[in-house]
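The values are calculated or read from the model by the stated rules, or taken from the named source; none is laboratory data. Just so it is clear, the structure is predicted and the values come from calculations on it, not from any experiment. Quick reminder, even Gly has a Cβ in these numbers, built from the backbone with ideal geometry, and neighbours come from all protein chains shown. Note: accessible area is taken over every heavy atom of the protein model, side chains too, but ligands, DNA and RNA are not part of it. Shrake-Rupley method; radii C 1.70, N 1.55, O 1.52, S 1.80 Å.
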Amino acid sequence: GLPRLEGVPVAHFALVAAQIRMLPSGGQRHHRGGHDHGGIAREGVHEECCGLIVASADERFARVVRCRNLMSEKHEQDPERWPRDNHNAYYIHPEDLREWLEPDAAARVSAVYHSHVGVDAYLSDEDRAYVETDLFPFPAADQIVLSVHNKQVKVARLFRRSGPGDPFVGMIIVAEHE
């Protein structure tokens, strides 16, 4: 099995993964209560979702902030530079990051999440490379990857490194069995 990561409240991640699963679709970025009319796991389009998890004074993973995935737009503008689209990659919309780029706010971003559709929840070479670029504003944040199959989140994994430049170590935080 994967090693236990110190300080990770595993039971809390089940709730975080459930929050991500239940976020509304259709371009809405914040769930404001009421009925869910189509969370990410049930969206008709099989595209990667992405977002941030923000800490509060009391909890490392307190709030989920859904962001828009711009990768298909990047791909359409310059397919040679951006060979992948929303079906197999993510690029968080800069407007969705704006409020989190100030130093105090950026320090509160405790994790970045995205999904993989039809494959396992793993940190791909492309994911690792993106985290190392200047385009990625939260290099110290944990990475959470959700595996979505048949419109259902089947596995979620947390990846954390012990320091800058160290390798990511992963652990399963949610696993659903059919």
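Yes or no, residue by residue, for (1) of a type in the set (Lys, Arg); (2) at pLDDT 85 or above; (3) farther than 24 Å from Glu102 by Cα:
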site	(1), (2), (3)
Arg42	yes, no, yes
Ala62	no, no, no
Leu70	no, yes, no
His75	no, yes, yes
Arg81	yes, yes, yes
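Quick one: in region 120-155, of everything that is of a type in the set (A, V, I, L, M, F, W, C) and in contact with a Phe, Trp or Tyr (Cβ under 7 Å, 6 or more places away or on another chain), which residue is nearest to Ala106 (Cα to Cα)? Even if it seems obvious, please write down each step before you answer.
The first filter runs over region 120-155 and keeps only residues of a type in the set (A, V, I, L, M, F, W, C), leaving 121, 123, 129, 131, 135-136, 138, 140-141, 144-146, 148, 153, 155.
Those left that are additionally in contact with a Phe, Trp or Tyr (Cβ under 7 Å, 6 or more places away or on another chain): 123, 136, 144-146.
Numbers: Leu123: 22, Phe136: 11, Ile144: 17, Val145: 20, Leu146: 23 Å.
The extreme case among them is Phe136.
Only one residue in Pro139, Pro94, Pro79 is in contact with a helix residue (DSSP H, G or I) (Cβ under 8 Å, 6 or more places away or on another chain) and open to solvent by 10 Å² or more (accessible area, probe 1.4 Å), so which one is that? So that I can check it myself, show each step before the final result.
Working: Pro94 fails: in contact with a helix residue (DSSP H, G or I) (Cβ under 8 Å, 6 or more places away or on another chain); Pro79 fails: in contact with a helix residue (DSSP H, G or I) (Cβ under 8 Å, 6 or more places away or on another chain).
Residue meeting the stated conditions: Pro139.
In contact with a strand residue (DSSP E or B) (Cβ under 9 Å, 6 or more places away or on another chain) and more than 18 Å from Arg66 (Cα to Cα), is that true of Val117?
On the way: in contact with a strand residue (DSSP E or B) (Cβ under 9 Å, 6 or more places away or on another chain): yes; more than 18 Å from Arg66 (Cα to Cα): no.
For Val117, the condition - in contact with a strand residue (DSSP E or B) (Cβ under 9 Å, 6 or more places away or on another chain) and more than 18 Å from Arg66 (Cα to Cα) - is not met.
Determine the pairs where a residue that is within 21 Å of His116 (Cα to Cα), located within region 75-86, has a partner that is surrounded by fewer than 16 Cβ atoms within 10 Å (Cβ to Cβ) and of a type in the set (Val, Ile, Thr) with Cβ atoms under 9 Å apart, the partner being 6 or more residues away or on another chain.
From region 75-86, the pairs are Asn86/Val45.
Read through the list (1) under 16 Å from Phe136 (Cβ atoms); (2) of a type in the set (Ser, Thr, Tyr); (3) at pLDDT below 90, then give the number of the only condition that Ser115 fails.
With respect to (1) under 16 Å from Phe136 (Cβ atoms); (2) of a type in the set (Ser, Thr, Tyr); (3) at pLDDT below 90, Ser115 is out only on (1).
In the list Ile172, Ile144, which residue meets the criterion of being hydrophobic (A, V, I, L, M, F, W, C), open to solvent by 70 Å² or more (accessible area, probe 1.4 Å) and touching a strand residue (DSSP E or B) at 6+ places or on another chain (Cβ under 9 Å)? Talk me through it step by step, then tell me what you get.
Values: Ile144 fails: open to solvent by 70 Å² or more (accessible area, probe 1.4 Å).
So the residue among Ile172, Ile144 that is hydrophobic (A, V, I, L, M, F, W, C), open to solvent by 70 Å² or more (accessible area, probe 1.4 Å) and touching a strand residue (DSSP E or B) at 6+ places or on another chain (Cβ under 9 Å) is Ile172.
List every residue pair whose Cβ atoms lie under 7 Å apart, where the two residues are 6 or more positions apart in sequence or sit on different chains, the first residue falls within region 97-114 and is touching a residue at least 60 places away in the same chain (Cβ under 8 Å), and the second residue, located anywhere, is open to solvent by 90 Å² or more (accessible area, probe 1.4 Å) and assigned to a helix (DSSP H, G or I).
Between residues of region 97-114 that are touching a residue at least 60 places away in the same chain (Cβ under 8 Å) and residues that are open to solvent by 90 Å² or more (accessible area, probe 1.4 Å) and assigned to a helix (DSSP H, G or I), there is no close pair.
Can you report the number of residues in region 121-164 which are modelled with pLDDT of 85 or more and either over 15 Å from the mean Cα position of the chain (by Cα) or on the phi > 0 side of the Ramachandran plot (or both)?
Residues in region 121-164 being modelled with pLDDT of 85 or more and either over 15 Å from the mean Cα position of the chain (by Cα) or on the phi > 0 side of the Ramachandran plot (or both): 3 in total.
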